[in-house]
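A.B. asks: The structure under discussion is supplied below as structure tokens; questions concerning it will follow.
The values are calculated or read from the model by the stated rules, or taken from the named source; none is laboratory data. Bear in mind the structure is a predicted one, so any value in this text is a computation, not a measurement. Please note: Cβ atoms are built from the backbone with ideal geometry, for glycine as well, and neighbour counts cover all protein chains shown.
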Amino acid sequence: MMGHGAGTHAGGGWQASMLDPAGVRAWLDTLGRLAIRLPDGSEHFNVKVSPAFPITRPNRFLYLMAEDGKELGLLVEPRRMERESRDLLLAQADLAYFMPQIKRIVRVDEQTGGIAIWEVETDRGWSRFEMVSRGESVWFVGRDRVLIRDVDGNRYLIEDLSGLDLRSRHWAELYL
């Protein structure tokens, strides 16, 4: 059953209310903030959109949060929305979850204390970041897909580890 509103506790766990994408409308208000009309007709302003995992199916699930941080619901399959609302929500989700894709690893310098400084080329330009131990910062999502989190919580994605150039694969083998 699709509903609306904040999540509920179910059997001691948290369960988000599912929103029917066909009944959700999105627009920018006069201040340029995201506004949402839910299937029940209620309108919410300055809404935040947050992509939900799994990373293997980006933007299949989107959390909608009210200005005060209260969850409005979980939007499943936003592709079922009318086009303008869908495009706006997906653009907002991309802004909320900035995740550059690493195309080349230029170098990695290991520092004392287990910190490694990475210099990479991404789909959004050059970047330099610090990463702590592999166990806390690296997740393999499938065979050749790697998610890296730096010390500031930023995420980087290597879409295809085997598709990197030889030198980048060498750095990856040493530090991933």
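A.B. asks: Could you please let me know if residue 87 is assigned by TED's automatic domain parsing to the domain that holds residue 146 and among the charged types (D, E, K, R)?
C.D. replies: For residue 87, the condition - assigned by TED's automatic domain parsing to the domain that holds residue 146 and among the charged types (D, E, K, R) - is not met.
A.B. asks: Which condition breaks for residue 157 when tested against (1) of a type outside the set (Phe, Trp, Tyr); (2) closer than 21 Å to residue 170 by Cβ; (3) touching a Phe, Trp or Tyr at 6+ places or on another chain (Cβ under 7 Å)?
C.D. replies: So residue 157 meets the others, but not (3).
A.B. asks: Can I ask one more? I'd like to verify a number: residues in the stretch 34-66 that are crowded, with 18+ Cβ neighbours inside 10 Å, in a loop (DSSP other than H, G, I, E, B) and modelled with pLDDT of 85 or more, how many?
C.D. replies: Going through the stretch 34-66 one residue at a time, the tally reaches 2.
A.B. asks: Return a yes/no flag: does the stretch 82-101 have any residue that is at positive phi and in a strand (DSSP E or B).
C.D. replies: No, the stretch 82-101 contains no residue that is at positive phi and in a strand (DSSP E or B).
A.B. asks: I'd like to know if the stretch 104-117 contains one or more residues that are surrounded by 14 or more Cβ atoms within 10 Å (Cβ to Cβ), polar (S, T, N, Q) and modelled with pLDDT of 85 or more.
C.D. replies: no
A.B. asks: Of all residues in the stretch 19-49, which are over 24 Å from the mean Cα position of the chain (by Cα) and of a type in the set (A, V, I, L, M)?
C.D. replies: Scanning the stretch 19-49 gives a single hit, 31.
A.B. asks: Same structure, new question: Within the stretch 136-167, track down each residue that is hydrophobic (A, V, I, L, M, F, W, C) and touching a residue at least 40 places away in the same chain (Cβ under 8 Å).
C.D. replies: Those that are hydrophobic (A, V, I, L, M, F, W, C) and touching a residue at least 40 places away in the same chain (Cβ under 8 Å): 141, 147, 148, 157, 158, 164.
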